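First comes the structure, then the notes that go with it.
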Amino acid sequence: MLKKKDKYVVAVAGATGAVGREMVEILQERNFPVSELVLLASENTEGERLKFNDRTWVVKRLSEDSFKGVDIALFSAGGERSLEFVPAAVKAGAVVIDNSSAFRMDPKVPLVVPEVNVHVMAKHNGIIANPNCSTIGMVMALKPIHVKARIRRIVVTTFQSVSGTGKKAIDELAGQTVALLNFRDIEKKVYPHQIAFNCIPHIDTFLDNGYTKEEMKMANETRKILEDESVRVTATTVRVPVFRCHSESVNIETDVKLSANEVRAILSEAPGVIVYDDPKKDLYPTAIDVSGKDDVYVGRIREDESIPNGINLWIVSDNIRKGAALNAVQIAEELIR
Ligand SMILES: NC(=O)c1ccc[n+]([C@@H]2O[C@H](COP(=O)([O-])OP(=O)(O)OC[C@H]3O[C@@H](n4cnc5c(N)ncnc54)[C@H](OP(=O)(O)O)[C@@H]3O)[C@@H](O)[C@H]2O)c1
């Protein structure tokens, strides 16, 4: 358990990655009470310097000995590193907020979106998991609807930006775009197909059931966060040539009939959700508009005319902020509250 203090020693494992850098920025933006920042990454970036609160902090190499004196450890260095180093951090007395998928479905580990299920945090045993970036955006909008009308089934298709794969994928999209516009051959290292000017229906690895791990993460994590195993979820996850923000087309079927206006009213009251929905004025959220924003934006709210109790929604959220770094820092804020 975390001892209450005026300021905390905070470690960021994966501090030089797309998410880790944003974590450091958000800790500063939100004035998180940090006495010392421990920046950890691989040997590739050991010695790199990052700015935080008008000081320069040197990146050190992640090891089992990195966590002496650390109060809160934000992990964002991939699942394998979490499996290897999170136990050492917990043993050293830190509370870990893990951004990877390593512990999310462990029944002993709370899977938390603060606006949705903050109450489950109390049961943590040293590890709190941050959900998948696509799951966070979706449950932020669906939880208040579930409370009012009980969602029976969710059909979701995602349009996920390359930053969801990390910094190498951002470089790959930029590099391929520049190459193609200059009539040069492209390099493919991160994705199995060209990502520039393309859509790839393949995120994470394929499983025996034909779904990808990302698709099953969305189904399983959604049920865990909504605390309702009866909700049926089917997902198709697609990587698109967008740098930042994940967009999702979501169709839900509810027990209780809701009109589109009732859904707009429910979501207007939901914390961290912005209804941005006026098609006559061409108003609906896009990845470009939502980039860098903290809230989850919802538009194109309409009744599904093919079933009695169906609603369609278009949900956009910044995968690096609310989908990862911001949600983790919000969990840390709840820990010290
Ligand atoms: N990107 C997203 O939208 C998003 C959303 C939710 C969750 N996540 C999860 O967050 C984690 C990081 O994602 P990312 O997008 O930030 O990836 P990234 O840009 O590739 O960054 C990975 C980070 O992990 C570090 N790292 C890699 N191998 C390491 C090792 N052997 N020892 C120590 N550090 C090592 C890297 O350090 P170097 O710079 O030294 O290589 C870098 O700091 C992943 O688990 C991912 O699934 C990402």
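The values are calculated or read from the model by the stated rules, or taken from the named source; none is laboratory data. Since we're looking at a predicted model, the values are computed, not measured. Methodologically, a virtual Cβ is constructed for each residue, glycine included, from the backbone with ideal geometry; neighbour enumeration extends over all protein chains shown. Remember, those area values only see protein heavy atoms, side chains included, never the ligands or the DNA or RNA. Shrake-Rupley method; radii C 1.70, N 1.55, O 1.52, S 1.80 Å.
Remark: relative contact order (the range 197-331) = 23 percent; criterion is Cα-Cα distance under 8 angstrom and separation of 6 or more residues. Which angle between 0 and 90 degrees, to the nearest 10, do you get for helix 167-181 versus the longest principal axis of the chain when only C-alpha atoms count? It is inclined by approximately 60 degrees. Mean sequence separation of contacting Cα pairs (under 8 Å, at least six apart), scaled by the length of the range 99-145, corresponds to a relative contact order of 41 percent.
Distance from the alpha carbon centroid of the range 258-322 to that of the range 177-228 works out to 23 angstrom. Between V147, A122, I170, the Cα set farthest toward the positive side of the dipole of the range 121-185 (charges on each charged residue's Cβ, about the Cα centre) is that of V147.
Could you give me D for the range 64-117, from Stokes-Einstein at 25 °C and 0.890 mPa s, where the hydrodynamic radius is the Kirkwood radius over C-alpha pairs? Units µm² s⁻¹, please. So the translational diffusion coefficient is about 212 µm²/s. Each helix, a run of at least 4 DSSP H residues, gives -39500 (n - 2.57); summed and divided by the residues of the chain, these come to -9000 deg cm²/dmol at 222 nm.
Computed from the Kirkwood radius of its Cα pairs, the Stokes-Einstein diffusion coefficient for the range 183-262 at 4 °C and 1.567 mPa s stands at 84 µm²/s. For the chain, the equivalent ellipsoid derived from the alpha-carbon gyration tensor has semi-axes of 32, 25, 18 Å in decreasing order.
Restricting attention to the chain, close to 45% of DSSP beta bridges with both partner residues there are antiparallel.
In the range 131-199, which trypsin sites (Lys or Arg not before Pro) fall in coil by DSSP and have 10 or fewer other Cβ atoms within 10 Å? Walk me through the numbers before you get to the answer.
Numbers: sites: K148, R150, R152, R153, K167, K168, R184, K188, K189; in loops: R150, R184, K188, K189.
Those satisfying the criteria are K189.
For the chain, the dipole from Cβ point charges (+1 on Lys and Arg, -1 on Asp and Glu) about the Cα centre works out to 420 debye, to the nearest 20. For the chain, with a Gaussian network of springs between Cα atoms less than 10 Å apart, report the residue from M105, M218, M23 with the top mean-square fluctuation. Largest GNM mean-square fluctuation: M105. Note on the range 170-315: Rg/Rh from C-alpha atoms, Kirkwood Rh, equals 1.02. Counted by Cβ distance under 9 Å from N132, the other residues give a net charge of 0, where Lys and Arg count +1 and Asp and Glu count -1. Over the range 2-138, the pair-distance histogram of Cα-Cα distances with 5 Å bins from zero comes to 2, 11, 20, 24, 22, 14, 6, 1, 0 percent, rounded to whole numbers.
Protein heavy-atom accessible surface, 1.4 Å probe, per residue over the range 62-105: 42 Å².
Taking Cα atoms only, the orientation of helix 326-336 departs from the longest principal axis of the chain by about 60 degrees. Counting only the backbone N, which residues of the range 16-32 are under 17 Å from the spot 7 Å out from the Cα of R55 toward its beta-carbon? Flagged as within label range: 24-32.
Converting the Cα gyration tensor eigenvalues of the range 148-204 into ellipsoid dimensions via √(5λ) gives semi-axes, longest first, of 32, 11, 10 Å.
Taking only the Cα atoms of the range 246-337, the ratio Rg/Rh comes out at 1.03, with Rh defined as the Kirkwood radius.
When both bridge partners sit in the range 132-259, DSSP labels roughly 55% of those beta bridges antiparallel. Expressed as a whole percent, the accessible area of the chain that falls on carbon and sulfur atoms is 50 (1.4 Å probe).
Across the range 254-306, C-alpha contacts under 8 Å between residues 6 or more apart give a mean separation that, scaled by the residue count, equals a relative contact order of 37 percent.
For the range 129-244, would you read off the P(r) tail past 20 Å as a percentage of all alpha carbon pairs?
Here the tail beyond 20 Å accounts for 48 percent of pairs.
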